[in-house]
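To keep things clear, I will list the structure first and then write my remarks on it.
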Amino acid sequence: MRQFFKFLFASLFGTLLAFFIAFMFLFLMAIGMTASFEEEVVIGANSIYAPNLSKNIVERTSNNPFDQLQLQFLEGVAEIALPALVNSIEAAKNDSKIDALFLDLGIIGGGRTDVFAIREAVLDFKESGKPVYAYGDYFTMQSYMVASAADSIFMQPTGSMEFSGMLTEMMFFKGTLDKLEIEPRVLKHGRYKSAGEPFSNTEMSEYNRKQNMELLQSFYKHYMAQIASSRNLDVATLDGMVNELKIRKAEDAVNMKLVDRLIHRDQMLEILAKASGKKGIDKVKLVDYPAYKSTIKNYNTSKERLAIIYADGEIMMGKGSDGTIGSETLSKAIREARLDKNVKAVVLRVNSPGGSALASDVILREVELTKKEKPVVVSMGGVAASGGYYIACKADKIYAQPNTVTGSIGVIGMLLGTEKFFENKLGITYDRLKIGKYADLGNPNREMTADEEQIIINMLDDIYIDFITHVAEGRGMDTSKVNSLGGGRVWTGEQALEHGLIDELGNLQDAISTAVALGGLTPGDYSTVEYPKLKSPLEEIFPGIQTRIKENIIKEELGSHYSVFKKLKQLDNYNGPLMLMPYDYN
């Protein structure tokens, strides 16, 4: 009887599983058929392009057909790929059916360099002679950066504007670790290398404070220069607005000439109607990003290709996952581009704070091999530092944005001593047997000897020497010069250009144009292939839903403390020497 029920339940489970798989397959087919019968988007004459910039701006969007639906259901916003957004604004510039660009702004779902890239695209759009209007119920420092590029800026009469300066704040966990009797053992090469400080310190070290203040001042100076240029104001006047907090209500923004007029949204629609020659706000044709993007055709059947390889996230060994760079996955992607005879040039888009030193070295090897066969051009995003700079340093040419964070040439090792925690807090003790004096080198459950500490320091020194040697070879410098720029110190893109760590200031499109020229491709007569290859919808859908739901449940429960959870969770990845930034710069 027991065997009977065993086979009965096994059969029932198999049937239910098969039914579920069949149902999902039919569901996917239905979605696909529905999509194929959807009416094609047609942009009518006298339309206004109005992309929603509050959505999460990323390097690439998912290949999962349900991903946007998941995001909208779980978070209320979807994702926009920055290159596609910039491309859409450029297309609208040259589209005779688009009469104007409308920026409905509040919070922008992107980082510092994303905002600057969008601003550049808006300025380029204005060269068409078409008007650009910006409107906001409120403006943050980030969203106003984009708004300032518009011909006219309007704000809701009871709205607000954030114009109070910039802040860098670090979170430190040493007090928590002390209470738990966990000892952080941080060893590093480079006095500016501060990735371990959140765990070993209660505040910024002298050198970390110095470099972060210099970064913050550089970001602020660049921001103010852009605003001053667009609004025909001098920087000293803007500094006064910040230091005296002169923008406290909507009227202040108008009086200080940061905003042109205070109007309600219906009045804004009336202005847009007039701009597009429409009678009545109900006739205004606002075209959003998804609709307009679907009309942009980028088909090119040329066999000659340009490869764009995305290195986005923290670097680690293995295949990686969403938001991380796996050495195995990225190395394979670079290798595929190298072995494809139709690929004539490679653009490596790096947006990474670094991570595993070993994983970074594995990736750099593939970059070196590829460079021997075809040109490799790097485009740096918001951050390309430490391991992110390591994998970029040997490219034929390196581009960064003025406010990209890069450099951080250094190495760090970190272990958490947990012996007292287990014994005093949990009552757990350890005993061990070993053959070989160093069999348990790095064991967190006992004190580290001075001899062992020196061994690890020597390992870190060797890795640092490799780091500066690779940079010296890639940048045509001597190692002493690289060492003077290293020590873990971070630089902005502008500073990196001054010191020779990059070649030019520019965006992804600038890097693409250079790669096209170096690869002997004919502009406009080549196809583009992106790596790593995105997973198929069926490969992504189930893990994607599970991960997204799990993340959002945690975010919902922890709220503003989610960043603490995320930082502590990173400790699981800290195995082996690291080339890593101290924290995220947004």
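Given the criteria among the aromatic types (F, W, Y), in contact with a Leu (Cβ under 8 Å, 6 or more places away or on another chain) and within 30 Å of K420 (Cα to Cα), does F163 qualify? Step through it out loud before you land on a result.
Values: among the aromatic types (F, W, Y): yes; in contact with a Leu (Cβ under 8 Å, 6 or more places away or on another chain): yes; within 30 Å of K420 (Cα to Cα): no.
Here the answer is no, as F163 does not meet what is asked.
Please go through region 296-320 and give me each residue that is under 20 Å from S386 (Cβ atoms) and either in a strand (DSSP E or B) or polar (S, T, N, Q) (or both), ordered by number.
I309, Y310, A311, D312, E314, I315, M316
If you go through region 221-231 and keep only what is without any contact (Cβ under 8 Å) to a residue 24 or more places away in the chain and crowded, with 18+ Cβ neighbours inside 10 Å, you end up with just M224.
For region 303-319, residues that are of a type in the set (D, E, K, R) and farther than 20 Å from V378 by Cβ total 3. Residues that are at pLDDT 85 or above and more than 21 Å from N507 (Cα to Cα) were ranked within region 41-53; the one that is surrounded by the fewest Cβ atoms within 10 Å (Cβ to Cβ) is G44. Among the residues of region 381-399, the ones that are in contact with a helix residue (DSSP H, G or I) (Cβ under 8 Å, 6 or more places away or on another chain), over 25 Å from R191 (Cα atoms) and surrounded by 22 or more Cβ atoms within 10 Å (Cβ to Cβ) come to 3 in all. In region 107-124, of all residues being acidic (D, E) and over 13 Å from the mean Cα position of the chain (by Cα), the one that is surrounded by the fewest Cβ atoms within 10 Å (Cβ to Cβ) corresponds to D124.
If the condition is being in contact (Cβ under 8 Å) with a residue 60 or more places away in the chain, farther than 28 Å from E423 by Cα and among the charged types (D, E, K, R), then region 189-213 contributes R191, K193. Taking only pairs six or more apart or across chains, which ones have beta-carbon atoms under 8 Å, a first residue in region 457-475 that is surrounded by fewer than 14 Cβ atoms within 10 Å (Cβ to Cβ), and a second residue that is assigned to a helix (DSSP H, G or I)? Final answer for the pair search is T469/T479. Taking the listed residues S152, S160, S96, the one that is at pLDDT 95 or above and surrounded by fewer than 24 Cβ atoms within 10 Å (Cβ to Cβ) is S152, with no other qualifying. In the condition set (1) surrounded by fewer than 16 Cβ atoms within 10 Å (Cβ to Cβ); (2) assigned by TED's automatic domain parsing to the domain that holds V132; (3) free of Cβ contacts under 8 Å to residues at least 40 places away in the same chain, D234 is compliant with all but (2). What are the residues in region 178-220 that are of a type outside the set (D, E), part of a helix (DSSP H, G or I) and loosely packed, with under 15 Cβ neighbours inside 10 Å, if any? Passing the criteria: K179, R209, K210, M213, Q217. Scan region 125-149 residue by residue and report those that are touching an Asp or Glu at 6+ places or on another chain (Cβ under 7 Å) and surrounded by 23 or more Cβ atoms within 10 Å (Cβ to Cβ). If the condition is that a residue be touching an Asp or Glu at 6+ places or on another chain (Cβ under 7 Å) and surrounded by 23 or more Cβ atoms within 10 Å (Cβ to Cβ), then Y135, F139 are the ones that fit. Only a single criterion out of (1) assigned to a strand (DSSP E or B); (2) more than 28 Å from the chain's Cα centre (by Cα) is not satisfied by L233, namely (1).
Of the numbered criteria (1) surrounded by fewer than 22 Cβ atoms within 10 Å (Cβ to Cβ); (2) modelled with pLDDT of 95 or more, the one V482 fails is (1).
Just one of the listed residues (I247, I271) is surrounded by 19 or more Cβ atoms within 10 Å (Cβ to Cβ), among the β-branched types (V, I, T) and touching an Asp or Glu at 6+ places or on another chain (Cβ under 9 Å), and it is I247.
The set of residues from region 175-204 being farther than 22 Å from I456 by Cα and not aliphatic (A, V, I, L, M) comprises G175, T176, D178, K179, E181, T202, E203. In this entry, M268 is excluded by the filter for residues that are more than 21 Å from A45 (Cβ to Cβ), free of Cβ contacts under 8 Å to residues at least 60 places away in the same chain and out of contact with any Cys (no Cβ under 7 Å at 6 or more places or on another chain).
Pick from region 278-295 the residues that are at pLDDT 85 or above and part of a loop (DSSP other than H, G, I, E, B): which of them is surrounded by the most Cβ atoms within 10 Å (Cβ to Cβ)? Within region 278-295, the match that is surrounded by the most Cβ atoms within 10 Å (Cβ to Cβ) is V284.
Scanning region 471-523 for residues that are in a helix (DSSP H, G or I), in contact with a strand residue (DSSP E or B) (Cβ under 6 Å, 6 or more places away or on another chain) and of a type in the set (D, E, K, R) turns up just one, D510. Quick check on region 78-90. Is at least one of its residues of a type in the set (D, E, K, R) and modelled with pLDDT of 90 or more? Yes - at least one qualifying residue is present in region 78-90.
The values are calculated or read from the model by the stated rules, or taken from the named source; none is laboratory data. Small disclaimer: the values here were computed from a predicted structure and weren't measured. Methodologically, a virtual Cβ is constructed for each residue, glycine included, from the backbone with ideal geometry; neighbour enumeration extends over all protein chains shown.
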